[in-house]
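Please read the structure below before turning to the comments.
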Amino acid sequence: MRVAESSVTPSPQLNSGRIAQAFTRCDLEGSRALIAFLTAGDPSPDRTVSLIGALERGGSDIIELGVPFSDPIADGPVIQRASERALRSGTTVRKVLRIVEELRRTSQIPVVAFSYLNPVLRYGFERFAADAASVGVDGALLTDLNIEEAAGYVSEMNASGLDCVFLVTQTTPQERIARIAGHCGGFVYAVSRAGVTGVRSSIASDAVPLLRRTRRATSLPVAIGFGLSQRRHMEEVAPFAEGAVVGSAFVRLIEEHSRDESLEARLEALAREFKRGLDWSPASDAAVGR
Amino acid sequence: MPEIASSVPDELGRFGDFGGRYAPEILVTPLEDLDATYRAVRDDAGFQAELATLFRQYSGRPTPLFHARRLSEHLGGASIYLKREDLLHTGAHKINNCLGQALLARRMGKRRVIAETGAGQHGVATATVCALFDLDCVVYMGSEDIRRQELNVFRMRLLGADVVSVEAGSCTLKEAISEAMRDWAGSFETTHYMLGSALGPHPYPLIVRDFQRVIGVEAREQFLAASGGSLPDLLIACVGGGSNSIGLFHPFLQDGDVAMVGVEAGGRGPGLGDHAARFSGGLPGVLQGTKSYILQDEDGQIALTHSVSAGLDYASVGPEHAWLRDLGRARYTSCTDTDALDAASVLSRYEGIIPALESAHAVAEAIRRAPQAPGKTFVVNLSGRGDKDIGILRENMPELG
């Protein structure tokens, strides 16, 4: 059954938190948000704040902070290896929260915790929401939690003032995109293509139709991710999405230069390169179809 | 007992608090398509007739229910009957599910099949049906399992399958499933994921159970016929993911007087990492698409597991078993590696049947219980034959040369 693509408009999510502010600021500055992913604790927990600082100096607007998991079924080899390194260095959910607590002494960059369900389930939704809010986490995305099973999680998170981010994909029917967006706060994360995370040479042509479909379903900002690894990818998606998520490209750099003092400088430079690709003037608003 | 057999899973795949669907969003629609296709064929007489013909003419059903008289006499208690799934084509119950899913794949127009395998039995069964139905076949297998089940690796390759070694974590079944899911997340348009156990996101636990129910349906009829109308007192089956056990148990769930016990891998001891006894050492959690009892550490990381039998070496268990356990309808216990090896030896000597090491766990439980159960009847699911385990048996029995 085909559902009319523009027929469903969920109630807009009220959000005056750091994530919403970041998108508003980008809008005013004439750019799209650069959302930088890194795995907490890779290569070690005491380096993560410094790496986030470098990404922020390079122009990242939001941090997606990966919570390592032993069985990352949605991740390609680059982030799988990062998870293994982070687990070997003793990174637990508790430690990830401590990292954010430390980060907040020096930075107000929005942080979205990016995790598989089981570590958060084990920590407890209520406790996670409360502890995450108290250390300054802004939201979370649980990769393997679908909306059908998410009611308890969403209510605990929202009660603590945290945004829940969910994924929409090219296989997601329009009616389901609307329902997913209705569960989201902060932004909706659109997955650019089939497959797992990882660096790709081109962004699938499916990305733009998905972004258009998602736009029709929500008034929230839409960010695109999976496979974005080059400046030209940023330029390709900037007209169609309010944010672009870069993960494996940063994580690979961390892997290659983890023992190198120049790592922070390299991350900063790469972030700056990506952010330049996200310059976008509202004059081209027509391209988005609003 | 309420209508437990027909009431689960619900539309979202839940068995009480367990099961459900916890999948990458990209796979939700492919899983819903699979569910819709399956529900369409479930009551389709033509589909079921074709499957029944394949069972009869290709894989060798019905399998016998054999009264193990010498073993029963030796133990001096219960009368033990063996459901001989080991006599099936490819040597284990796995072919039941693969034939059913191959028909599903064909109906969905998928020309490529991927699968995970632990012991290699599901991989061999998958490779076999792919040869029969002319489907491309890729089997993911942990490198540790490849090492200890090398004969099955060769069999799969001989059957035309591409066997991909998975190097991550414990290099066993869990990692093979993750890799198969990653493949499917990018290949669902052309590819059917032929999941081999009663695990994973909905609808897999339902589909696999239904295709394995033939074990219990036959065993029930055969026992009724042999006993002049009575039912067995106890069913015993090993539980890895739990497909052979749910296949045996499910048709008996309404028979309140029939007890059932699932046997997990006790490995080399009770420490976390030394076994795969989810019901004694695990807690509810979510792994690879389903909520069930899971061996995990205090931070929710999945624990490594150990068993001498690769097919039981998994940190989670089929969600319907978790539900039956919490209901108290089935009980779960474990046998150690040593118990299983001893049981394999005993069954070989007394009945001339060398069991798979997975099935030997069920035999070990029967050996443990039989002396205390005179006058009772046990049905033990002999889910697979031991040819694939000869190397391991030999390593553990140096006195035989």
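For chain B, the dipole from Cβ point charges (+1 on Lys and Arg, -1 on Asp and Glu) about the Cα centre works out to 940 debye, to the nearest 20. Take the cross-link list B:Lys94/B:Lys388; B:Lys83/B:Lys376; A:Lys95/B:Lys174 and give me the ones stretching past 22 Å between alpha-carbons. Correct reply: A:Lys95/B:Lys174. Neighbours of B:Gly300 by Cβ distance under 12 Å: Lys/Arg scored +1, Asp/Glu scored -1, total -2. With helices as the sole contributors, chain A gives -12500 deg cm²/dmol at 222 nm; each DSSP H run of n ≥ 4 counts as -39500 (n - 2.57), and the sum is divided by every residue. Over region A:18-288, the hull volume per residue, using the convex hull of the C-alpha atoms, is 110 Å³. Going by neighbour counts of Cβ atoms within 10 Å, the residues B:Met108, B:Met194, B:Met181 line up, fewest first, as B:Met108, B:Met181, B:Met194. Placing a label point 7 Å from the Cα of B:Glu221 along the Cα-to-Cβ line, the residues of region B:242-266 whose backbone N sits under 15 Å from it are B:251-252. For the pair B:Asp162 and B:Glu298, what calculated FRET efficiency results from E = 1/(1 + (r/R0)^6), where r is the Cβ-Cβ distance and R0 = 35 Å, to the nearest 0.05? Here the calculated transfer efficiency is 0.35.
Looking at the square roots a ≥ b ≥ c of the eigenvalues of the Cα gyration tensor of region B:196-253, which shape do they give, rounded for a/c under 1.5, prolate if a/b is larger than b/c, or oblate? Could you put the intermediate results ahead of the total?
Numbers: a/c = 3.42, a/b = 2.28, b/c = 1.50.
Prolate, since a/c reaches 1.5 and a/b exceeds b/c.
For A:Val188, the residues whose amide H sits under 5 Å from its own are A:Val222, A:Ala223, ignoring neighbours fewer than 5 places away on the same chain, with H placed 1.01 Å from N. Here region B:365-401 is scanned for amide nitrogen atoms under 13 Å from the site 7 Å beyond the Cα of B:Asp257 along Cα-to-Cβ, giving B:376-377.
When a/c is below 1.5 the answer is rounded, else prolate if a/b is larger than b/c, else oblate, so apply that to region B:199-355 with a ≥ b ≥ c taken from the square roots of the Cα gyration tensor eigenvalues. Oblate is the answer for region B:199-355, as a/c is 1.5 or above yet b/c matches or exceeds a/b. Counted over all Cα-Cα pairs of chain B, pairs farther apart than 28 Å make up 40 percent.
Rounded to the nearest 500, what is the 222 nm mean residue ellipticity of chain B from helices alone, with -39500 (n - 2.57) per DSSP H run of 4+ residues and division by all residues? Write down the numbers at each step before the final one.
Values: 17 runs with 172 residues, N = 401.
For chain B, the value works out to -12500 deg cm²/dmol.
Here the Gaussian network model covers chain B, with springs between Cα atoms less than 10 Å apart; of B:Gly109, B:Gly318, B:Gly386, B:Gly109 fluctuates the most. For B:Thr336, the residues whose amide H sits under 5 Å from its own are B:Gly266, ignoring neighbours fewer than 5 places away on the same chain, with H placed 1.01 Å from N. Comparing B:Ala356, B:Ala364, B:Ala185 in a Gaussian network model of chain B where C-alpha atoms under 10 Å apart are linked, the largest mean-square fluctuation is found at B:Ala185.
Across region A:173-190, coupling constants 3J(HN,Hα) worked out from phi with the 6.51/-1.76/1.60 Karplus curve, θ = phi - 60°, read x, 4, 5, 6, 4, 5, 5, 5, 4, x, 8, 8, x, x, 7, 9, 9, 9 Hz, and Gly and Pro carry x.
By the Cβ distance rule of under 4.7 Å, the protein assembly as shown has these cysteines without a partner: A:Cys26, A:Cys164, A:Cys184, B:Cys98, B:Cys171, B:Cys238, B:Cys335. Of the DSSP H helices in chain B, those that are both long (alpha-carbon extent of 15 Å or more along the helix axis) and hydrophobic (Kyte-Doolittle mean at least 0.5) are B:121-133, B:214-227.
Quick one: work out the % antiparallel among DSSP beta bridges in region A:18-288, nearest 5. Kindly include the intermediate steps, with their values, before the conclusion.
Values: 1 of 28 bridges.
Beta bridges within region A:18-288, antiparallel portion: roughly 5 percent.
Near A:Phe114, the amide H atoms lying under 5 Å from its own belong to A:Leu65, A:Gly66, A:Val67, A:Leu141; only residues 5 or more places off or on other chains count, and H is placed 1.01 Å from N. Scanning chain B for GluC sites (Glu not before Pro) that sit in a DSSP loop and have at most 15 other Cβ atoms within 10 Å, the longest stretch containing none of them is B:12-166.
Over all orientations, the protein assembly as shown has a Cα convex hull whose mean projected area works out to 30.1 square nanometres.
For the options B:Ser292, B:Ser187, B:Ser59, a Gaussian network treatment of chain B with springs between C-alpha atoms closer than 10 Å singles out B:Ser187 as fluctuating the most. The length gained by stretching the chain between B:Asp44 and B:Gln372 to full extension, at 0.36 nm per residue less their Cα-Cα distance, is 113.5 nm.
Values quoted throughout were computed directly from the atomic coordinates according to the rules given, and no laboratory measurement underlies them. If you're wondering where the values come from, they're calculated on a predicted model, not measured in any experiment. With ideal geometry, Cβ positions are generated from the backbone for all residues, glycine too; neighbour counts draw on all protein chains shown.
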